[in-house]
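Report on one structure; see the data block that follows.
The values are calculated or read from the model by the stated rules, or taken from the named source; none is laboratory data. Note that the coordinates shown come from a computational prediction; the quantities given were computed from them, not determined experimentally. Glycine also receives a Cβ, built like all others from the backbone with ideal geometry; neighbour counts cover every protein chain displayed. Note: areas computed on protein heavy atoms with side chains; ligands, DNA, RNA excluded. Shrake-Rupley method; radii C 1.70, N 1.55, O 1.52, S 1.80 Å.
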Amino acid sequence: MRTLFYRLPRLSVLVLLVIVAGGLGAVLSLGRQEDPTLVERYGYVLTVLPGADAERMEALVSDPMESALMELPEIVEVDSTSRAGVSQVSIDIREDLTPAEVDDAWTLIRAKVDEVTVQLPAGTRAPIVERVIVGAHTMIVELIWEGEGAPELTIMSRLASDLADRFQNIPATEEVEIYGQPQEEIRVVMDPESLAAAGLDLQTAASLIGAADSKTPAGNLRAGNTNIGIDVDGAFGSISRVRSVPLVQSANGDTLRVGDVADVQKGFQEPIPRLVIHNNQRAITVAAIIEPNRRVDLWAEQAAAMVAEFSDNAPRGIQVVTVFNQSTYTMDRLGQLAQNLVFSALIVFLVLFFVMGWRAALIVGTALPLTICLVLILFNMFNLPLHQMSVTGLVISLGLLIDNAIVVVDEFDQKRATGMGRIEAIDSSLSHLFGPLFASTLTTALAFTPIALLPGGSGEFVGMIGVSVIFAVISSFLISMTVIPALSGWFDRKRAGELPGEVKRRWWRDGIAIDAVSDGYRYTVGAVLRFPPLGLAIGIVPALIGFWLAGQLPAQFFPPTERDQFQISLRLPAESSIKDTIETTRRVTDLLLARPEVTDVNMTLGQPSPRVYYNVFNNSRGVEGIASGWAQ
């Protein structure tokens, strides 16, 4: 059984073809994304009560909401921030919950919020429960006003909605968000003196206007076996309909309408609740997120083509610019992995060429791409994508992938040197090495198992490092026990006893032999056998020196991320208005653009900015004194 692959060349060739074809197929079909997909364990409840100060928001909104949410055992922490007219309750769900249990927890949270809503003061807007996606947007496009005069916000808003719809029509798009889109409103400007003359006040007039906007069904008309819904034709559909709302009707039939005592205008919400500023120009941002385990490069190609077509048809004065494309960074990371694999294979081949000869170098070098192909096949079987953590795991395991192959090839060569035949040498080598190599593979896999099984958000992020290493060492063991011995037998040279005459040693065939090194190794082994404490000292002293040197080095889990971007966050005093925030943002933008290294500054006010990196997000929705964004 141990010599099966050598005795059946067709089986070996078939296995090689299957591994290579499966690896190439996995490369083409595996999902590619920059970061792992994380479960949404964080979020917030946003509640707005216009006109209330911070103390009232804390007492009447934040405290009841916190108390109700803390009754849920699925929540580990609740933190609230109360400002004038705005209450924001941040939620942190337990790390040990599975993704399905987290979804159930959000259902319970919404139910609790609905229970509290009926207890809130009159005039409170319906609370918004928001699950924060921990991850970056895949593509961010901005519609920038570059025309003369005031921005055409109506046109820009409709174009942004149209662009968002087009993003949604691209296969594999999970979510599309619009930032800085103005909110249209119908503004009724009353004349207080005319109202007073008619015996009305502002509150009464507002109630009458609200009551005149009929949007609910009036009932059903039953006719035999048919039910016909009845609607009252009175919903506000135009400005003229608002102007015609009656406020007072006298006994002689005269009617005082809204248009008689008020100016009805169509415009945008004032003060501005949210906006986007690109290089100090008004803009609207459309940000899209791709579904997990999808190929971001293919999706980005479709999205880029769509955006280019959309930009060609955009009106004059509105520029459509892609300010962030995650596919670029994702493909750079994967390209670095490919370079590492190529350089590693080249280094392995060169070292083994000089030490063991060209045959051993070729055989062991073959083990590296075969193992990588097998790992990619396993990724495909378990529906695991390629991202920075799985790539990191493969890079970590590069030094482990060829160890088994080197040991098997060297053992086979030693057996052949003693005069064994090829089949006998393969059988003896695998019989001798199976147990030790299996044990070393098992211990390495078990060492990385805690990382692979780490629960919560930490496990979802770094767990793929452990999974990648485990897949790699197992694949390396399987390749070394099957294909590598067969290749060693097929490419083995004839030995001295199999050829007439004396066979001279050639360095390109047998490797370089340095007598001083060989003699020194033999002497050291003999000395350790004669005096075992020497062996302990040789093993312990370098380890102690290594531990000491490790303490002198800076510690960090991941190396710094090299990006051509940096985050910006502005926090003004709590009493600051949106006007103050706009002015401060413009000054900061001017300061940054004055530097030649900075080409673009993108700032979002009144809501969280689009995310360009997985761990950068904020919950500033509805807060006028906060602005965030990035520059590049």
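The table below gives the values:
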| quantity | calculated |
| --- | --- |
| Nearest-ten-degree value, helix 515-530 long axis tilted from longest Cα axis of the chain | 90 degrees |
| Principal-axis tilt of helix 456-491 within the chain, Cα atoms, nearest 10 degrees | 30 degrees |
| Whole-Hz ³J(HN,Hα) from phi, Karplus 6.51 cos²θ - 1.76 cosθ + 1.60, for region 99-105, glycine and proline x | x, 5, 5, 5, 4, 5, 5 |
| Accessible solvent surface per residue of the chain, calculated while the other protein chains remain in place, 1.4 angstrom probe, Å² | 53 Å² |
| Within the chain, percent of DSSP bridges classed antiparallel, to nearest 5 | 95 percent |
| Listed candidates (i) 1.16; (ii) 1.14; (iii) 1.03 - label of the one calculated as Rg/Rh (Cα atoms, Kirkwood Rh) | (ii) |
| Carbon/sulfur fraction of accessible area - the chain, other protein chains in place, 1.4 Å, % | 59 percent |
| Rounded tilt (10° steps) of 296-312 against the dominant C-alpha axis of the chain | 40 degrees |
| Net +/- balance of residues flanking Thr117 in space, Cβ distance below 11 Å, scoring K and R +1, D and E -1 | +1 |
| Enclosed volume per residue, in Å³, of the convex hull spanned by Cα atoms of region 280-426 | 159 Å³ |
| Under the Karplus curve 6.51 cos²θ - 1.76 cosθ + 1.60, θ = phi - 60°, whole-Hz ³J(HN,Hα) for region 61-66, x wherever Gly or Pro sits | 10, 5, 4, x, 5, 4 |
| Positive-pole candidate from Leu14, Gln88, Gly199, dipole of the chain, charges at beta carbon | Leu14 |
| Mean Cβ count within 10 Å, highest first, over the residues of peptides 107-114, 355-362 | 355-362, 107-114 |
| Amide proton proximity set for Arg611, modelled H, under 5 Å, gap of 5+ | His137 |
| Euclidean distance of C-alpha centroids, region 517-559 and region 308-367, integer Å | 36 Å |
| Lysine pairs with alpha-carbon atoms under 21 Å apart, the chain, spacing 8 or more or separate chains | 4 |
